[in-house]
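Let me begin by presenting the structure, written as C-alpha cells, before commenting on it.
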Amino acid sequence: MDDEAQGVARLQAFVRGTVQGVGFRWWVRSRALEPGLTGSAANLDDGRVEVVAEGPRTACLRLLDLLGEQPSTHGRPGEVTYVHDAWAPPRGTGPGFVER
C-alpha cells in the first residue's frame with residue numbers, strides 16, 4: 001500500500017504575521033512532535049515562516065488548524081494574519097522536526 005493510501009501526507013504552510021523572533025518556530029516544533037510529525041519550521045527573508053510537516057494526514061490537518069487558529073487556544077506566540085497551505089505526497093524529511 002502506498003503512502004497516500006495509508007493517509008500519509010506532506011503539508012507545506014507559509015505563515016504570515018508577527019511570527020519571527022517570538023518563539024513561533026519552537027512552538028510549531030512542539031506541536032508537530034506531539035503526534036510524531038517530521039519536518040521543519042524555517043524563517044524566510046520576507047518575514048514569513050515556512051512549515052513543512054510529514055506524517056498522518058489527520059495530524060498534518062490538526063497542525064494546520066493550530067497554525068491559523070484565531071484566537072489561539074494553545075499558547076501560540078506572535079500573531080498570525082494568514083496561512084497558505086499546499087499538499088503533496090510525502091518525500092521523506094528525515095527523522096524529527098527541526099527549526100531552521
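All of the numbers you see were taken from the coordinates with simple rules; none came from a lab. Please read these numbers as outputs of a predicted model, since none were measured by experiment. Cβ: placed from backbone, ideal geometry, glycine included. Neighbour counts: every protein chain shown.
Brief remarks on what is shown
- In terms of overall dimensions, the chain has a Cα radius of gyration and Dmax of 12.7, 42 angstrom.
- Sites Thr81 and Thr58, calculated FRET efficiency, Cβ-Cβ separation with R0 25 Å, nearest 0.05: 0.45
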